[in-house]
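None of the figures in this text is laboratory data; all of them are computed from the coordinates on show. Just so we're clear, the structure is a prediction, and the values are computed from it rather than from any experiment. Using ideal geometry, Cβ is built from the backbone for each residue, glycine included, and neighbour counts are taken over all protein chains shown.
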Amino acid sequence: MNEKKLVIAAGAAIGLLSVLLVKFGNPPNMGVCVACFIRDIAGALGLHRAETVQYLRPEIPGFILGSALIALATGEFRARGGSAPIQRFFLGFFVMIGALVFLGCPLRMVLRLAAGDLNALVALFGFAAGIWVGLLYIKNGFSLGKAQRLAPSNGFILPGVAMALLLLLLVKPAFIFFSDKGPGASHAPFYLSLFAGLVIGALAQRSRLCMAGGIRDLFLIGDPHLFIGFVAIFVVALGLNLTVGQFKLGFLEQPIAHSDALWNFLGMFLAGYGSVLLGGCPLRQCILAGEGDTDAALTFLGMLTGAAFAHNFSLAASPSGVPLSGKVAVIIGLLVVTAIGYFNLPQYVQATSRKERSTYGTQS
Amino acid sequence: MKSLAQPYLVITFPNTHAALKFDSAFKEKGTAKLVPVPREISSSCGLAARLPDQDAEKLIATLTTLDVDYDGIYRVAPGEKPKCLTP
């Protein structure tokens, strides 16, 4: 299969599985949402106590393990890391805050759009604008530094965590929280969710599908290669939603969404801005973590922590709107991402290393 | 696809900035084009430069003159695995 067909197939599979997962019990327009599902996992682990969003979503471990298995099978599993891990952690943290103010990761944004939720169109403009601004830094030499090869054991840590999460879901010990009501109580059967996660993880690893990467390549070199995957998800999900009657066009009363245009725009602006500096959207971070990228694994932990903070400090939006604390958090996020962009431009990176050489002497 | 019928070279870079620097520095000399890294070379999703098949040694010398960081140079021929030309 050539590259283009693979991206289209991956996008189509995600579109199909997403609608199927909703049909079998996942929350409306949330067949797959990396941000919402990581948030639910944080809740299930008791990292936040929002009672309506607690479930150990098997789709997320599925993405990580699907990617890990296919990468191991094809010899592409490579433990690596050391490219600005702590900065990536915080980028992941704020990408999550932005996503939870919009109520969805870039993937759910496309799925919401395919179900007629026009708030997601506003968010798409925000997401693209965030990517465009992040690219200004990249064009001026922004880099989080090169990752190094690591001992293979490092690469197995997050896939190990993913297996542990699945085990906890199967065993259901008393310390794991499960929502009785709200989105957390809506879920497809375990095996279907896991199957969908594994298939999407494997296909996304093979195709490199990335919501942020698609728009980035379009802006940067006019190449639509990855963006086609984005379009395939939309077209297939739209077709299926129309067929099964899950399509409702408009801004108001959309499921698990609010219609505050400014904060839909800014939330996804922050998510796009952070994602492009990270080099990939939340889904892509899960896939890279599965391939042995420990920086992406730390980004994942940053997203998990961000999700916990989002609900512990009432930053996340709800269908009734965006709380003031959430708006403040997005503004702080924009400032932090801007600072990370700025201080990783070559003049600052090189100035620091020159100073270090003069202070500590040059290592030979 | 006609363009796949002939072998071509692909340069991979440590970051997007290096790819963009190569693109602006090398452009006047001809035929290079920035593309997503071909899937068969890497599972990463960065940018690479694609250019007609030529002497890799000379290309390395040019990259050094232009002060462009690169990861590797590959020869991609139809129906074959890409061959890495750099150590």
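A few comments on the model shown:
- Charge tally for residue A:42 (other residues, Cβ to Cβ under 15 Å; Lys, Arg +1; Asp, Glu -1): 0.
- Charge dipole (debye, nearest 20) of region B:2-84; +1 at Cβ of Lys and Arg, -1 at Cβ of Asp and Glu: 280
- Each pair of Cα atoms in region A:3-350 enters the Kirkwood radius, and Stokes-Einstein at 20 °C and 1.002 mPa s then converts it into a translational diffusion coefficient of 110 µm²/s.
- Ranked list, fewest to most other Cβ atoms within 10 Å of each Cβ, for A:63, A:178: A:178, A:63
- Selection from A:17, A:271, A:350 lying farthest towards where the dipole of chain A points positive, charges on Cβ: A:350
- Taking the inverse of the mean reciprocal distance over all distinct Cα pairs, the Kirkwood hydrodynamic radius of region A:14-71 comes to 12.0 Å.
- Restricted to Cα atoms, region A:22-143 shows a radius of gyration and a Dmax of 16.7, 47 angstrom.
- For region A:64-109 and region A:247-266, distance of Cα centres in Å: 26
- For region A:169-239 versus region A:275-317, the spacing of their alpha-carbon centroids is 14 Å.
- Reciprocal mean inverse distance between Cα atoms of region A:131-201 - Kirkwood radius, Å: 16.5
- Annotation: the residues B:70, A:342, sorted from fewest to most other C-beta atoms within 10 Å of their own C-beta, follow the order A:342, B:70.
- At the listed q of 0.19, 0.21, 0.25 Å⁻¹, the Debye profile of region A:193-286, built from one uniform point per Cα, gives log10 I(q)/I(0) equal to -1.18, -1.26, -1.25.
- Tensor-based shape of region B:42-82 (alpha-carbon gyration tensor, a/c under 1.5 rounded, otherwise prolate or oblate): oblate
- In this structure, residue A:328 and residue A:253 have a Cβ-Cβ separation that, at R0 = 25 Å, corresponds to a calculated FRET efficiency of about 0.40.
- With pairing defined as another cysteine C-beta under 4.7 Å, the cysteines of the protein assembly as shown that fail it are A:105, A:210, A:281, A:286, B:45, B:84.
- Helical content of chain A, expressed as a calculated mean residue ellipticity at 222 nm, amounts to -22000 deg cm²/dmol (DSSP H runs of 4 or more residues, -39,500 (n - 2.57) each, divided by residue number, nearest 500).
- Note on chain A: with a GNM built from Cα contacts shorter than 10 Å, the maximum mean-square fluctuation among A:343, A:90, A:175 falls on A:175.
- Taking other residues whose beta carbon is less than 15 angstrom from the beta carbon of residue A:293, and scoring Lys, Arg as +1 and Asp, Glu as -1, yields +4.
- Computed over region A:164-206, the quotient of the alpha carbon radius of gyration and 2.2 N^0.38 Å is 1.38.
- By the count of neighbouring beta-carbon atoms within 10 Å, fewest first, A:3, A:59 end up ordered A:3, A:59.
- For GluC sites (Glu not before Pro), the sites in chain B that DSSP calls loop and that have at most 11 other Cβ atoms within 10 Å are B:80.
- Radius 15 Å from Cβ of residue A:270, net charge of other residues (Lys, Arg +1; Asp, Glu -1): 0
- A viscosity of 1.306 mPa s and a temperature of 10 °C, combined with the Kirkwood radius over Cα pairs in Stokes-Einstein, give a translational diffusion coefficient for chain B of 123 µm²/s.
- Only DSSP H runs of four or more residues enter the estimate; each adds -39500 (n - 2.57), and after division by the residues of chain B the mean residue ellipticity at 222 nm equals -7500 deg cm²/dmol.
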